[in-house]
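Below is one structure, written out as structure tokens, with a few remarks after it.
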Amino acid sequence: MKRILILPGDGIGPEIVAEAVKVLETLRREFGLAVETEQGVIGGAACDATGEPFPEETRRLAGAADAVLLGAVGGPKWESLPRELRPERGLLAIRSALSLFANLRPAILYPQLADASTLRPEVVAGLDILIVRELTGGIYFGEPRGIRTLENGERQGYNTLVYSESEIRRIGRVAFETAMQRGRRVTSVDKANVLECTELWREVMESLAAEYPEVELSHMYVDNAAMQLLRAPRQFDVLVTTNLFGDILSDAAAMLTGSIGMLPSASLDQHGKGMYEPIHGSAPDIAGQGIANPLATILSLAMLLRYSLGEAELAGRVERAVERVIAQGLRTADIHSEGCRRVGTAEMGDAVVAALMEQER
Ligand code: NAD
């Protein structure tokens with residue numbers, strides 16, 4: 001029996017996670033999904049309960065689980081705490097405790113929401129791309145690093161971009177494997193014309209491609225990739241890139257959709273265990289009002305089913321149920337537009353459950 005750890009977190013976290021749990025319970029009751037769930041605390045909620053943002057008990061539960069579903073952490077209440085006790089520290093700690101090296105960020109724009117983008121609807125409507133970002137290496141972690149004083153008294157800052165072949169190969173494999181479940185195209189983003197480290201990146205991606213003859217591999221320099229994401233984003237299927245490039249490109253891709261409340265994410269370890277969370281934060285400005293959009297969290301649950309539980313069929317059902325409620329014109333306040341029906345968090349969750357139940361089994 002697979003085990004899912006549920007960490008609601010802070011702010012709107014408990015509200016949106018409750019809706020994803022409704023969907024999960026429906027899959028258990030009606031669709032034969034065999035999972036056990038447990039709840040834990042993280043972030044500010046954990047600070048309040050135990051004095052630390054990532055308590056030992058949560059670490060133990062996360063270690064024993066096959067997947068973790070997280071809401072969001074943080075909020076003004078905990079901003080004055082010392083840095084090591086802040087809620088966001090809990091997030092970094094759990095990512096590192098679980099060795100989550102691959103970050104998967106889909107950017108999907110349902111045709112009915114195309115007006116929310118800052119780009120023209122005909123450029124972005126129907127967008128469905130996936131950015132695979134390396135998360136535990138590269139220039140964010142490379143040594144040596146620091147700020148030193150030179151002989152002439154001037155200070156100099158320095159960081160190191162470093163990737164070993166095995167690090168490149170394992171993130172590349174995630175990209176190829178996910179492409180096999182999607183459009184079978186991988187674009188590897190690097191700066192091989194300037195950075196030797198990414199010259200190696202390109203070489204390793206090439207050698208991996210031989211193992212995946214059904215997948216078409218292409219390469220793109222990061223500056224061009226940034227341009228192409230804005231010019232014609234639908235040309236991509238899966239983009240795979242380094243920690244730094246992925247950090248920037250995935251935020252740009254998220255903005256293409258214009259709806260932060262709709263975007264899920266996954267962070268995976270070497271064995272497919274993962275943590276799944278919406279890309280947005282705890283939205284303290286709307287917490288407790290019952291108006292937050294739960295769809296990013298529900299879509300995170302769909303990713304959990306696909307990538308950690310091997311339940312691609314059920315994942316597809318959840319995604320189709322979300323498409324259906326959007327097509328029905330139901331909108332939370334953040335994605336509302338004229339002519340649509342405004343609903344709250346719980347009503348949106350109930351509508352997804354109803355759309356699931358309507359599907360043929
Ligand atoms: P945020 O994503 O929480 O909110 C940005 C804006 O988007 C707000 O106006 C908010 O109301 C809106 N929004 C976000 N999610 C929404 C949803 N599901 N439905 C409707 N509207 C939504 O970012 P922020 O305001 O910069 O940060 C707030 C807190 O969240 C901070 O403490 C920050 O550190 C934390 N944070 C946590 C995570 C995480 O847990 N992964 C990520 C980012 C920020």
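Computed from backbone phi with θ = phi - 60° and the Karplus coefficients 6.51, -1.76 and 1.60, the 3J(HN,Hα) list for the range 217-230 is 9, 10, 10, 8, 5, 5, 5, 5, 4, 4, 5, 5, 4, 8 Hz; x is used for glycine and proline. Couplings for the range 118-130, taken from phi via the Karplus curve 6.51 cos²θ - 1.76 cosθ + 1.60 with θ = phi - 60°, read 7, 8, 5, x, 5, 7, 10, 4, x, 4, 8, 10, 10 Hz in order; Gly and Pro are left as x. Comparing I326, P264, G183 along the charge dipole axis of the chain, the residue lying farthest to the positive side is I326, per the Cβ-charge model. This ranking places S218, S308 by how few other beta-carbon atoms lie within 10 Å of each, fewest first, which gives S218, S308.
Per-residue counts of other Cβ atoms within 10 Å, averaged by peptide: what ranking do you get for 100-111, 2-13, 350-361, highest first?
Values: 100-111: 22.0, 2-13: 25.1, 350-361: 15.3.
Most protected by this proxy first, the peptides run 2-13, 100-111, 350-361.
Each part gets one Cα centre, and for the range 124-188 versus the range 45-120 those centres are 20 Å apart. You can think of it this way: the chain between M357 and S80 has 95.2 nm of extra reach, that is 0.36 nm per residue less the Cα-Cα gap.
Its Cα gyration tensor gives the range 109-259 an equivalent ellipsoid. The semi-axes, each the square root of 5 times an eigenvalue, are 30, 21, 11 Å from largest down.
Placing unit charges on the Cβ atoms of the charged side chains and taking the dipole of the chain about its Cα centre, the candidate lying farthest along the positive direction among L217, T198, Y163 is L217.
For the range 57-192, just run the numbers: alpha carbon Rg, then divide by 2.2 N^0.38 Å, N being how many residues it has.
Relative to the 2.2 N^0.38 Å estimate, the range 57-192 comes out at 1.41.
When only the Cβ of Lys, Arg, Asp and Glu is charged (+1, +1, -1, -1), the dipole of the range 1-92 relative to its Cα centre reaches about 160 debye.
A Stokes-Einstein calculation at 4 °C with viscosity 1.567 mPa s, built on the Kirkwood radius of the range 56-119 over Cα pairs, returns a diffusion coefficient of 87 µm²/s.
If R₀ is 30 angstrom, what is the calculated FRET efficiency for the pair R60 and E313, using the beta carbon separation as r and rounding to 0.05?
So, using R0 = 30 Å, E works out to roughly 0.40.
Taking a ≥ b ≥ c as the square roots of the eigenvalues of the Cα gyration tensor of the range 1-123, is the shape rounded (a/c under 1.5), prolate (a/b larger than b/c) or oblate?
Judged from the Cα gyration tensor, the range 1-123 comes out oblate (a/c at least 1.5, b/c at or above a/b).
Equivalent-ellipsoid semi-axes for the chain (Cα gyration tensor, √(5λ), whole Å, largest first): 32, 26, 21. Dipole check for the chain: with +1 at the C-beta of Lys and Arg, -1 at the C-beta of Asp and Glu, and the Cα centre as origin, the magnitude is about 220 Debye.
Given the alpha-carbon gyration tensor of the range 246-323, what are the semi-axes of its equivalent ellipsoid in whole angstrom, ordered largest first, with each equal to the square root of 5 times an eigenvalue? Don't jump to the answer; show the numbers that get you there.
Working: eigenvalues 95, 54, 31 Å².
Equivalent ellipsoid semi-axes, largest first: 22, 16, 12 Å.
Ranking A253, Q39, L85 by how far each Cα lies toward the positive end of the dipole of the chain (charges on Cβ) leaves Q39 at the top.
Under the convention that each Lys and Arg Cβ holds +1 and each Asp and Glu Cβ holds -1, the size of the dipole of the range 293-361 around its Cα centre is about 40 debye. With contributions of -39500 (n - 2.57) from each DSSP H run of at least four residues, the per-residue ellipticity at 222 nm computed over the chain stands at -13000 deg cm²/dmol. Amide H contacts under 5 Å for E311: R306, restricted to partners 5 or more places along the chain or on a different chain, H placed in the peptide plane at 1.01 Å from N.
Kirkwood hydrodynamic radius of the range 206-361, from the reciprocal of the average inverse Cα-Cα distance over all distinct pairs: 17.7 Å.
Protection proxy ranking for 39-52, 127-140, using the average of other Cβ atoms within 10 Å per residue and placing the highest first: 127-140, 39-52. Annotation: aspartates and glutamates with alpha-carbon distance below 20 angstrom to K273 (same-chain offsets under eight excluded): E36, E38, E56, E57, D66, E134, E167, E177, E311, E313.
A short reminder: the numbers here are calculations on the coordinates, not readings from a lab. Since the model is a prediction, treat every value here as computed from it, not as a measurement. Backbone-built Cβ (ideal geometry, glycine too); neighbour counts: all protein chains shown.
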